[in-house]
């Protein structure tokens, strides 16, 4: 059985979707959910799903070896960033080369980089009158949203759409495709 660790900063809806997917498709177990936000709803989701959860701070992540040592201890096949907002330090990226993936709520390379997350992305799509948006699943490197692209899926953006409408369309793509792409990566 393959092992997955999920890093999330917010509500954890993608994390929950991934856990439920692999409860049905017995290819992997989510061993741990880690968050940098002690008030993140993902902690409640982890508890409800009987998944171990860990909160960490900036010092643990950037200035000590606490997190990299925990990751090494768990020895995951994949580390999944599902709404995780911090830049992953190079020492972790280097240690887990091609084992860390992220989902981004836009069609990279457009609308990526620092500060481009959640509604910021969707509002930028609307403001620039884009005809489509979507998701990008990519490997993580030492820069925001610049790792090699694994998969993209798109959705139409109409002139009447609000940022909230675009967010709903993008979330639908995330829930549909993210677990399947993870599954594929784990069984290649």
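Restricting to segment 6-21, name every residue that is in contact with a helix residue (DSSP H, G or I) (Cβ under 7 Å, 6 or more places away or on another chain) and touching a residue at least 40 places away in the same chain (Cβ under 8 Å). Those that are in contact with a helix residue (DSSP H, G or I) (Cβ under 7 Å, 6 or more places away or on another chain) and touching a residue at least 40 places away in the same chain (Cβ under 8 Å): 6, 8, 10, 11, 12, 14, 15, 17, 18, 21.
Looking at residue 118, is it in contact with a strand residue (DSSP E or B) (Cβ under 8 Å, 6 or more places away or on another chain) and at positive phi?
When the stated conditions are applied, residue 118 does not pass them.
Among the residues making up segment 150-169, those that are crowded, with 19+ Cβ neighbours inside 10 Å and either in contact (Cβ under 8 Å) with a residue 60 or more places away in the chain or farther than 24 Å from residue 12 by Cβ (or both) are 157, 161, 167.
Among (1) surrounded by 15 or more Cβ atoms within 10 Å (Cβ to Cβ); (2) under 15 Å from the mean Cα position of the chain (by Cα), there is one condition residue 172 misses while meeting the rest; what is its number? In the conditions (1) surrounded by 15 or more Cβ atoms within 10 Å (Cβ to Cβ); (2) under 15 Å from the mean Cα position of the chain (by Cα), residue 172 misses (1) alone. Residues that are in contact with a strand residue (DSSP E or B) (Cβ under 8 Å, 6 or more places away or on another chain) and over 13 Å from residue 95 (Cβ atoms) within segment 54-75 comprise 54, 55, 56, listed in sequence order. Residues that are part of a strand (DSSP E or B) and surrounded by fewer than 19 Cβ atoms within 10 Å (Cβ to Cβ) were ranked within segment 118-144; the one that is nearest to the chain's Cα centre (by Cα) is 139.
Kindly indicate whether any position in segment 170-177 is touching a strand residue (DSSP E or B) at 6+ places or on another chain (Cβ under 7 Å) and free of Cβ contacts under 8 Å to residues at least 60 places away in the same chain.
Step one: filter segment 170-177 for residues touching a strand residue (DSSP E or B) at 6+ places or on another chain (Cβ under 7 Å), giving 170, 173-174, 177.
Then drop every residue that is not free of Cβ contacts under 8 Å to residues at least 60 places away in the same chain, which leaves 173, 177.
Yes, there is a match, as at least one residue in segment 170-177 is touching a strand residue (DSSP E or B) at 6+ places or on another chain (Cβ under 7 Å) and free of Cβ contacts under 8 Å to residues at least 60 places away in the same chain.
Consider residue 182 carefully, then state whether it is in contact (Cβ under 8 Å) with a residue 60 or more places away in the chain, outside any helix (DSSP H, G or I) and either buried (at least 21 other Cβ atoms within 10 Å of the Cβ) or out of contact with any strand residue (DSSP E or B) (no Cβ under 7 Å at 6 or more places or on another chain) (or both). It is false that residue 182 is in contact (Cβ under 8 Å) with a residue 60 or more places away in the chain, outside any helix (DSSP H, G or I) and either buried (at least 21 other Cβ atoms within 10 Å of the Cβ) or out of contact with any strand residue (DSSP E or B) (no Cβ under 7 Å at 6 or more places or on another chain) (or both). Restricting the search to strands (runs of 3 or more DSSP E) fully inside segment 1-108 and requiring at least 3 residues that are crowded, with 20+ Cβ neighbours inside 10 Å and modelled with pLDDT of 95 or more gives 2-8, 28-35, 78-81, 100-104. Taking the conditions (1) in a loop (DSSP other than H, G, I, E, B); (2) free of Cβ contacts under 8 Å to residues at least 40 places away in the same chain; (3) surrounded by 20 or more Cβ atoms within 10 Å (Cβ to Cβ) in turn, residue 147 satisfies each one other than (2).
The values are calculated or read from the model by the stated rules, or taken from the named source; none is laboratory data. Everything numeric here is computed off the predicted structure, so don't read it as measured data. In this analysis, Cβ positions are derived from the backbone assuming ideal geometry, glycine residues included, and neighbour counts consider all displayed protein chains.
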